[in-house]
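One structure is given here, and the rest of the page talks about it.
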Amino acid sequence: MRLKMRRRTMPFVQIAQPSDHRRMAELHSEGFPRGWSTGEITVLAEEPTVTSLVVRSEGGGQQPACGFVMLRQAADEAEILSIAVDQTARGEGFGRALMSQAIRHCQSERLARLILEVDGGNEAAVALYTRLGFREIGRRAGYYENIAGPGAERHDALVMALALL
């Protein structure tokens, strides 16, 4: 009997183009209770201090983005504004590829640290950030409303930072 092995795709990370903004808005809406519109993504992406990266499966620019990260530089640090990966592609290494490239970008800019905020109830994301070396530096109690809706359990926002220098 032959077992069918699932073929793992190689993430391909690149700078987001304006043609990616609609897909980025779709991904953001899938992952967050209040998604960002294409216009909001475009306005942010056009800021000179913002870097936007997308990840695609192998094939590069011909494939639709299956994830993105946006970060903003301020003084000697950067903050992750948002990161989202297509629900069907989670667990395939796309989030890790995005974060690794974001970290390399910050290092090339000689930034001292990278900061992010994550829903403490998102165990997969917290685990990824911890594996990448992020440490909790703060907490906002009950900041995130569970997607289940009003009256549902609220989760703390974890503020995490990665020292780069």
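The values are calculated or read from the model by the stated rules, or taken from the named source; none is laboratory data. These figures come from a predicted structure and were not determined experimentally. Note: ideal-geometry Cβ built from the backbone for every residue, glycine included; neighbour counts use all protein chains shown.
A few remarks follow.
- Checking the stated criteria, Gly67 turns out to be surrounded by 15 or more Cβ atoms within 10 Å (Cβ to Cβ), under 18 Å from His28 (Cα atoms) and among the small types (Gly, Ala, Ser).
- Of the residues Gln62, Gln73, Gln107, the single one that is surrounded by 17 or more Cβ atoms within 10 Å (Cβ to Cβ) and over 14 Å from the mean Cα position of the chain (by Cα) is Gln73.
- Among the criteria (1) farther than 21 Å from Ile115 by Cβ; (2) surrounded by 14 or more Cβ atoms within 10 Å (Cβ to Cβ), the one Ile41 does not fulfil is (1).
- Given (1) in contact with a strand residue (DSSP E or B) (Cβ under 8 Å, 6 or more places away or on another chain); (2) part of a loop (DSSP other than H, G, I, E, B); (3) of a type outside the set (Lys, Arg); (4) more than 22 Å from Val159 (Cβ to Cβ), index of the condition Trp36 fails: (4)
- Selection from the stretch 97-115 of residues that are touching a residue at least 40 places away in the same chain (Cβ under 8 Å) and closer than 17 Å to Leu27 by Cβ: Ala97, Leu98, Gln101, Ala102
- Positions within the stretch 39-53 being touching a strand residue (DSSP E or B) at 6+ places or on another chain (Cβ under 7 Å) and among the β-branched types (Val, Ile, Thr), in sequence order: Thr49, Val50, Thr51
- Meets criteria (modelled with pLDDT of 95 or more and in contact with a strand residue (DSSP E or B) (Cβ under 7 Å, 6 or more places away or on another chain)) for Gly138: yes
Each row is one residue, and each column tells you yes or no for (1) assigned to a strand (DSSP E or B); (2) of a type in the set (Val, Ile, Thr); (3) on the phi < 0 side of the Ramachandran plot.
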residue: Thr88; (1), (2), (3): no, yes, yes
residue: Gly95; (1), (2), (3): no, no, yes
residue: Ser100; (1), (2), (3): no, no, yes
residue: Cys106; (1), (2), (3): no, no, yes
residue: Ile115; (1), (2), (3): yes, yes, yes
residue: Gly121; (1), (2), (3): no, no, yes
